[in-house]
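Reading through the structure tokens given below for one structure.
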Amino acid sequence: MTAEHAAELRVVRPDERDVATAQTPGMQRAAGVAASTVGAEQLWLGHVTMAPGMVSGAHHHGAVESAIYIISGRARFRFGQRLEREIDAGPGDFVFVPPKVVHQELNMDDNTPVEMIVGRNGQENVVVNVDVEER
């Protein structure tokens, strides 16, 4: 990418999102602003969906911080080494996930998908799927 191109504003349309990004079972991530879509160097921002009633696999995001904005639906976030703690979030809520915190998302509704915008302070969508002995 040329320096001139890198200085341009870009619009990434829904059909231009990168679905070849790292995934976790139970979730579908699509990168919007990322190295692969716009040449981002320090930011990853994507659209994430969870089907009704879906439970994601346990995972963490390495050394990056994550911010999640719930667009629609209700999600429960389980976290901790054995997923022993939990918080719930719904439309309009932000959730902060510190680096290396093992967590899991659950769609609390059997009829409605959860839609989220996820941002990370790194250009790659770091996803480390883990096996957890649950509480």
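Rounded to the nearest 500 deg cm²/dmol, what is the calculated helix-only ellipticity per residue at 222 nm for the chain, with -39500 (n - 2.57) per DSSP H run of length n ≥ 4?
Theoretical 222 nm ellipticity from helices: -1000 deg cm²/dmol.
Could you run the Karplus curve 6.51 cos²θ - 1.76 cosθ + 1.60 with θ = phi - 60° over region 28-42 and give me ³J(HN,Hα) per residue in whole Hz, x for Gly and Pro?
10, 9, 9, 6, x, 10, 7, 4, 6, 9, 10, x, 4, 10, 9
Where in region 48-135 are there GluC sites (Glu not before Pro) that are in a DSSP coil and have at most 11 other Cβ atoms within 10 angstrom of their Cβ?
Those that pass, being in a loop and sparsely packed, are E84, E133, E134.
Using the per-residue mean of other Cβ atoms lying within 10 Å as a proxy for protection, in what order, highest first, do the peptides 42-53, 26-37 fall?
26-37, 42-53
At a threshold of 8 angstrom on Cα-Cα distance, excluding pairs fewer than six apart, so keeping six or more, what relative contact order does the chain reach in percent?
30 percent
With a cut-off of 16 Å, note down the residues of region 93-135 whose backbone N falls inside the zone around a label point 7 Å from the Cα of A20 toward its beta carbon.
Taking a point 7 Å out along Cα→Cβ of A20, the residues of region 93-135 whose backbone N falls under 16 Å are 124-125.
Relative to the compact globular guide of 2.2 N^0.38 Å, what is the alpha carbon radius of gyration of the chain, as a ratio? The partial results should precede the final answer.
Working: Rg = 15.1 Å, N = 135, 2.2 N^0.38 = 14.2 Å.
Dividing the Cα Rg of the chain by 2.2 N^0.38 Å gives 1.07.
Between E115 and Q42, what is the FRET efficiency for a Förster distance of 30 Å, r being their Cβ-Cβ separation, to the nearest 0.05?
0.75
Report the FRET efficiency, 1/(1 + (r/R0)^6), for E86 and V130, where r is their Cβ-Cβ distance and R0 is 22 Å, rounded to 0.05.
The computed FRET efficiency comes out at 0.80.
All of the numbers you see were taken from the coordinates with simple rules; none came from a lab. Note that the structure is predicted; figures quoted are calculated from it, not measured. Here Cβ is always computed from backbone atoms with ideal geometry, including for glycine, and neighbour counts include all displayed protein chains.
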